[in-house]
1. Can you put 116, 349 in order of Cβ neighbours within 10 angstrom, beginning with the fewest?
2. What is the calculated FRET efficiency for residue 133 to residue 105, with r their C-beta to C-beta distance and R₀ = 22 Å, to the nearest 0.05?
3. So for the range 164-227, Kirkwood radius off the Cα pairs, Stokes-Einstein at 10 °C and 1.306 mPa s: how many µm² s⁻¹?
4. When the gyration tensor of the range 204-359 is built from Cα positions, what are the square roots of 5 times its three eigenvalues, in whole Å, from largest to smallest?
5. Over all distinct alpha-carbon pairs, what is the Kirkwood Rh of the range 9-356 in angstrom?
6. Note the full-extension length gain between residue 214 and residue 342 as 0.36 nm times their separation in residues minus their Cα-Cα distance, in nm to one decimal.
7. Could you state the principal axis extents of the C-alpha atoms in the range 188-273, from the largest down, to the nearest angstrom?
8. May I ask you to sort 150, 92 by Cβ crowding, counting other Cβ atoms within 10 Å and putting the fewest first?
């Protein structure tokens, strides 16, 4: 069961920082993807978890390097073993193990691996009226194999029929913010009953877009509507985490996409809307980011924007796998150069530790 424990950031930081090395606080801010269906002692991922106190991993089924082999997900029994091995590598055994499991086209736990694999997309769940049963079943299955963090639900509004990423895939609960809040709450409650954390996505709204941030720059300036913020305002006190999208909106920030924008994350999400939890980026290896920013600049902007957890799925381009070591060392260099403050690392570390008390 999810335990709602209220701990101030300052108190959390002072208690939980004792004896934790700077690189291990940085490590808590990282969610990485890796290749392998096991995580035995001595494996690269296990070493990374132990050495850098890695905060989270993300599992995928599709293997972009060798399509004939699974990346992380081969069977129910194998995934259950893998998550146990991953947790055994962790210093505190509270590693966040994430997956994208929404239903419809976006579900990594497929029937061909022995999972149920037939969860309907959000738009169809609304029509069926079986939402509570559907998401309870989904949560129970995640829990059964040791996955404790579902990167869902989508709370984007279905307001653009030309949108392929949200509307076209039926990933939205609807056009009305109150309707989206109602169904997203049912999703969150089901996950919490089985000890699974959730992520509202994709802030500040991807439902109005016509492009795909996986592939490149997406400008929503002339399409985005303020109403797209409403689900986040309505759910701010229920949400475990919020995932920020790579959409660019010059009305919110004339220089940077949402993920890298202090105006959007710190200014809009935290100060104006009032969300106090963990902010996670969408995959920072998506074309919308990598085509314009270097790794070092991406990390500098993301951390200073107020993002707490930085997602590197190592999934989109097998030629551009980024190691945990490189990520940690790059952030350490940014701190030495005065481009990222230690206070920002401490704040994110405290928020992440507070989140983990809910497990």
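Please treat every number below as a calculation from the coordinates, not as lab data. No experiment lies behind these values; they were computed from the predicted model shown. Neighbour counts run over all protein chains shown; Cβ positions are idealised from the backbone, glycine included.
1. Listed from fewest to most nearby Cβ atoms, that is 116, 349.
2. Using R0 = 22 Å, I get an efficiency of 0.55.
3. 119 µm²/s
4. 23, 21, 14
5. Computed over the range 9-356, the radius equals 20.1 Å.
6. 43.0 nm
7. 40, 29, 21
8. Sorted ascending by nearby Cβ count, the order is 92, 150.
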